[in-house]
Every structure is written in structure tokens, then in C-alpha cells.
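J.: Attaching a single structure in C-alpha cells format; questions to follow.
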Amino acid sequence: MDNPGPEPADLLVRNAYLVTVDADRRILTNGAVAITDGRVVAVGRDVEVSSNYAAKRIIDAAGAVVHPGFVDTHIHLLYHLLRWSTNDGGDWNSSLPIHAEYASLVDEEAEYLAAKLSAWEMARNGTTCFLEAGNLPIHDGVAAEAIEEVGIRGLIGKGIKDIDPSADDSNSHQANQHRSSETTRAIKGLGSDLWRNSNSDALVRGVVNLSGMGSASDELELAAKALADEHGVILNQHLSYHKQDVDVDDHRLGKHAIVHFAEIGLLAENCTFSHVNFVRDDEVEPFLSGGASIGWCPMASMLFGIGGTIRGKHLELYRKGANISLGCDSANWTSAFDIGEQAFMASLTAREKTGKTDALLAEDMVQMATMNGARSCGMADEIGSIEVGKRADLVIRRNDLPESVPSLDPLRSVMYSSRAKSVDTVVVNGEVIVEAGHSTKLDEIDLKVRANEKVQNLFQKMDRPMPSGDWPHID
């Protein structure tokens, strides 16, 4: 019988320290992955895969780490143009009015540029999929277009609410009528981007988003959950970020929020909550039993001194089996849109909090950043690991940096030492979207120029001085 010869493939990544994050958590020290039509068709030892597939393009990883793309499970794209626009040392309450004023002035160009910069930054740092927090879209299609041009995956949907947490909690007939009207309006606004899911290959898809943090009635919550169930997507919302919103929920509900959510059926596997910096003892078991996910944003808590890495129970829940993923939050709530950096900080703070050096290891960091992120997005069957049949979203590192030598433990070297600096190539759907640290799809210089010009324009409209810090600046 004639030997049919090697099978055709679009892309072959070989000679890789391949971190699969598959069910067995295999690391192939000299592995290869073959990709055809945007999906993984073979994973195994380099000698076997490379001899069985003839690819149009071959990338030699030269022994460097190759891993699944990172997944950011809580990010606000809209505010990218406000990065470091608030005073260093300002608190949460002083920052929110600036964000609200900015959002009121965002036009189509600003939304497009903010989304594009955010997506580019994430891609450059090894993120291939993100879950947007609910600030998009403002102008239909603008953000999605920007995200697609960068080439990464995005899950979007406008955040809906029917309660103003700061309003007077009056029980008058007039107040009740107003709330009922707001709830009817809010329910009609749910899932505005679910139409995107009719194309199963779309990079940008829709989810059901609520604003959360005390801003949704039970009626709205249950309508959102029912819609998410119907469409097979996740219900995503903020929860327990700051003591202020925790106090609002405690007062409004008459009990702790997670206990209440368990009672009304909101802690299912298709429910993802962002932050969750405050978890009381009576909330632990209901959360574990329900199977919901948490998008933990360590640096978004630390920058504003919220205390989530000290008082939060992310580590404890993770060790008990909860699905804990990672998010970067907003540009003024974090240092960079870099999930690897969030993972690094999660590991350090977990060790500092417990006094145990094995509290969170490099493997835990990768797990949270990849497979757990995929679960939080409702996409565990499609992304999060390098396995046959899954979409080909992966990151190829470089190992020629000083921080990468010696390569005694390549995974720890990447997660603790070289971090985002070592991201060389990023592949989404089998397409190389970042190569040698630069976008293959964008005019990076033009994007920077346009963004800086737009920021100047926005600050003029806001009638605010450009931030300059405390030290004297001399022109």
C-alpha cells in the first residue's frame, strides 16, 4: 500500500516547550502543534507531528514556551483613552465623576480608538480573548469593528440596570411605579448583542451583561439569567468590589448578596461575577455549590486600596474548587491590560497573605489565565487549552532575553521573570496577529497619533487640565 505522505496544514509550530493545559496538564518539552482552518488538528511530540504534516508555514519556537492564549474575564475597553487621567493618589469616588463625564462625551471615533488600543494592548501582552464589562457598545458596531481589525476575540454586551444604588430607597407608590417602569425598560434592553452569535465563527460575540453592584432588581436578574440560559451564553456582572456597594446590597437584600443570589438561582455555571473582593463566611458554601465563576482583578483592588487581596477569599475559593479567572478591569484601575501581570500579582499577594510560598504556583497562574478564563466566558469547549478540535489561539514566547537564561524551568521563567516582555508571536484562529512583538494587522504609529489627538480633544471638551503629577513641570 502506498504511503499517503504527510497531511496538509496551514500552520505548524514546532520545537516548542508546549504547555497544553489539557485535562492531564501535559507539558511537551519538545512538542509541536498543527493547525488547519483555524483549529488544532494535531498536538504531540515534535518528531511525530512535524513528520505527519506539511504546512504552508512553519514557526520554529526554538525551544521557547508555547501556551494557550490568555483570557481576560473583566475589562472596560471604553476608558482606555483616560489612562492615568486621574490624580495619582485619588480615591474611587473622585475618579468616578471623571469617568462619567468622559463617557458622556465619547463619540464614534473615541469608542473605536479606545477599543482598538485596548485590543492591541491585550494582544501584545498575550491575551487572545476578553470579556467586556458592559460599557460597550455605545455606537452600534464601532467597537466590534475595531476588535476584529486587531484580530482577537471579544465578548460584549451593554451593561443593564434598573436601580440607582445611590437613590433614596423610598417605598412610596410613586417610587414603586418608577422602579417597575425602569425594570420593564431594562429587560427590553438585555442581550442587545446576542445576534452576533448566529455566526459561530465570529470573533466578537454577545453575552448578557448587567451592571451589578446593587443596581439590578431580582426581576431583572432573573430575566437576564433566563435569557442567558436560552441563548447558551453567560450572565456577567460586577459584584462586591467596594465596601460601599457591599453595604448597599446588604441593606437592600437584608442579607449577604451571594446568599441571596443562591436562593434565587443566580449562582449557576453560566454566571460570572467580577471582583468579589468581599465574601463573608456564610457566602462560601453557597458559592461553591452553585458553580459560578469569579473574574478576579487583583491590581484593580490594590491600586485603590480596596483590600481585596487581603480580605478577599479568592485563594480559598480556588483551592476549594471554585472557577477563579483573572481580569484587568479599567485603564485607571490597573497598570496595564496584561493578564500575566495580574497572575503574577495574584501569586505574590496570595503568598504574602498566607505566609506560604506554595499558595499559588506558576501552574495555578497559567490555569487561571487560560482554561479558567475560558470557563468564565462560557467557551471552555472552544479555547483555553491546546487540544485537537479547539480553536487555534496560542502564544509563542521568546527565550533569548536575559530574564530567560538559564532556562531551568521555562514555565516559571515566563510567568515570574520575563512575563509580557517575552511575548513574541500571538495566533488567533490560526492567524498570526502579533509577530516579533508587533501587530501584523495594524498601522501602530497611525493608531498612536490618532489616539493622542483624540485625547487632547476630549480633555478640551471636559475643560480639564491634562494630568501632570505632583512634581513641577517646566515647558
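The values are calculated or read from the model by the stated rules, or taken from the named source; none is laboratory data. In this text the structure is predicted, and so the values were computed from the model without any measurement. Because the Cβ atoms are built from the backbone with ideal geometry, glycine has one as well, and the counts that use them run over all protein chains shown. Note: areas computed on protein heavy atoms with side chains; ligands, DNA, RNA excluded. Shrake-Rupley method; radii C 1.70, N 1.55, O 1.52, S 1.80 Å.
J.: Which of the numbered conditions does residue 464 fail, given that it passes all the others? Conditions: (1) assigned to a loop (DSSP other than H, G, I, E, B); (2) within 25 Å of residue 34 (Cβ to Cβ).
T.: The single condition residue 464 does not satisfy is (2).
J.: Does residue 418 satisfy being modelled with pLDDT under 95 and of a type in the set (Gly, Ala, Ser)?
T.: Taking the combined requirement at face value, the residue does not satisfy it.
J.: Related question: Of all residues in segment 261-277 being under 18 Å from residue 375 (Cβ atoms) and among the aliphatic types (A, V, I, L, M), which is nearest to the chain's Cα centre (by Cα)?
T.: Checked segment 261-277; the qualifying residue nearest to the chain's Cα centre (by Cα) is 276.
J.: Turning to a different aspect of this structure: Is there a residue in segment 423-431 that is outside any helix (DSSP H, G or I), among the hydroxyl-bearing types (Ser, Thr, Tyr) and under 21 Å from the mean Cα position of the chain (by Cα)?
T.: yes
J.: If a residue has to be open to solvent by less than 60 Å² (accessible area, probe 1.4 Å) and either within 22 Å of the chain's Cα centre (by Cα) or at pLDDT below 95 (or both) to count, how many in segment 405-415 make the cut?
T.: 3
Residues are listed down the side, and each one gets a yes or a no for (1) in contact (Cβ under 8 Å) with a residue 40 or more places away in the chain; (2) part of a helix (DSSP H, G or I); (3) not β-branched (Val, Ile, Thr):
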| position | (1), (2), (3) |
| --- | --- |
| 8 | yes, no, yes |
| 17 | yes, no, yes |
| 43 | yes, no, no |
| 55 | yes, no, yes |
| 81 | yes, yes, yes |
| 98 | yes, yes, no |
| 103 | no, yes, yes |
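J.: Then there's this: Taking segment 246-264 on its own, how many of its residues are assigned to a loop (DSSP other than H, G, I, E, B) and in contact with a strand residue (DSSP E or B) (Cβ under 9 Å, 6 or more places away or on another chain)?
T.: 0
J.: Only one residue in 400, 446 is out of contact with any Leu (no Cβ under 9 Å at 6 or more places or on another chain) and not in a helix (DSSP H, G or I), so which one is that?
T.: Every option except 400 fails the conditions.
J.: If you check residue 216 against the conditions, is it open to solvent by less than 20 Å² (accessible area, probe 1.4 Å), in contact with a strand residue (DSSP E or B) (Cβ under 8 Å, 6 or more places away or on another chain), part of a loop (DSSP other than H, G, I, E, B) and at pLDDT 95 or above?
T.: For residue 216, the condition - open to solvent by less than 20 Å² (accessible area, probe 1.4 Å), in contact with a strand residue (DSSP E or B) (Cβ under 8 Å, 6 or more places away or on another chain), part of a loop (DSSP other than H, G, I, E, B) and at pLDDT 95 or above - is met.
J.: A further question on this structure: Which ranges mark the helices (runs of 4 or more DSSP H) fully within segment 268-356 that have 3 or more residues being at pLDDT 95 or above and open to solvent by 10 Å² or more (accessible area, probe 1.4 Å)?
T.: Counting at least 3 such residues, we get 281-290, 314-319, 339-354.
Here's the yes/no breakdown for (1) farther than 26 Å from residue 153 by Cα; (2) open to solvent by less than 10 Å² (accessible area, probe 1.4 Å):
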site: 10; (1), (2): no, no
site: 18; (1), (2): no, yes
site: 23; (1), (2): no, no
site: 43; (1), (2): no, no
site: 53; (1), (2): yes, no
site: 57; (1), (2): no, no
site: 62; (1), (2): yes, no
site: 66; (1), (2): no, yes
